[in-house]
1. How far is it, in nm, from the label point at residue 14 to the one at residue 71 when both lie 7 Å from their Cα along the line to the Cβ?
2. Just for the chain, what percent of DSSP beta bridges are antiparallel, to the closest 5?
3. Would you mind getting the Kirkwood hydrodynamic radius of the stretch 8-54 from its Cα pairs, rounded to one decimal in Å?
4. Binned at 10 Å from 0, what are the whole-percent values of the Cα-Cα distance distribution for the stretch 38-84, short to long?
5. Find the relative contact order for the chain and round it to a whole percent, using C-alpha pairs within less than 8 Å whose residues are 6+ positions apart.
6. So how far, in whole Å, is the C-alpha centre of the stretch 14-53 from the one of the stretch 81-122?
7. With +1 on the Cβ of every Lys and Arg and -1 on the Cβ of every Asp and Glu, and nothing else charged, how large is the dipole of the stretch 1-90 about its Cα centre, in debye rounded to the nearest 20?
8. Hey, any idea what % of the chain's accessible area is carbon plus sulfur with a 1.4 Å probe?
Amino acid sequence: QVQLVESGGGLVQAGGSLRLSCTASGRTFSTYTMGWFRQAPGKEREFVAGLSWSGDSSYYADSVQGRFTISRDNAKKSMYLQMNSLKPEDAAVYYCAAARSGRDILTMPDYWGQGTQVTVSS
């Protein structure tokens, strides 16, 4: 079993930056594909960014490409999301997710964090 805990959310003005962190428990963090999702009020949860177990392969939703950067530190069992040039439409609860080897982070995450709120004022 893996537990994921997000942190770093908060209130920021449009154009500003935030860095989200996700810390995992368990011994096999380095084998998981990791990802970030978000859910705004009244909307479905959507994929934001994903990162391979090695950190060599990353992919992003079109809406955040070029503004957000996903990264990980396997030694610290942590994953990060650097969010720059934030827009009001980026406001949501952001969730950390992990998928075991062989599973697709976009459609079959195995573990979820509890979420951290990001609010962007215009």
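1. 2.8
2. Working: 36 of 41 bridges.
Within the chain, antiparallel bridges account for around 90 percent of the total.
3. Numbers: mean 1/r = 0.0763 Å⁻¹.
Result for the stretch 8-54 stands at 13.1 Å.
4. 25, 49, 24, 3
5. Values: 301 pairs, mean separation 43.0, N = 122.
Relative CO of the chain lands at 35 percent.
6. If we compute the Cα centre of each part, the gap is 4 Å.
7. Values: 10 positive and 8 negative charges, 51 e Å.
Dipole size: approximately 240 debye.
8. Values: 2890 of 6300 Å².
Its accessible area is 46 percent carbon and sulfur atoms.
The values are calculated or read from the model by the stated rules, or taken from the named source; none is laboratory data. Small disclaimer: the values here were computed from a predicted structure and weren't measured. All Cβ positions, glycine included, derive from the backbone under ideal geometry; neighbour counts span all protein chains shown. Side chains are part of the model used for accessible areas, which takes the heavy atoms of the whole protein and leaves out ligands, DNA and RNA. Shrake-Rupley method; radii C 1.70, N 1.55, O 1.52, S 1.80 Å.
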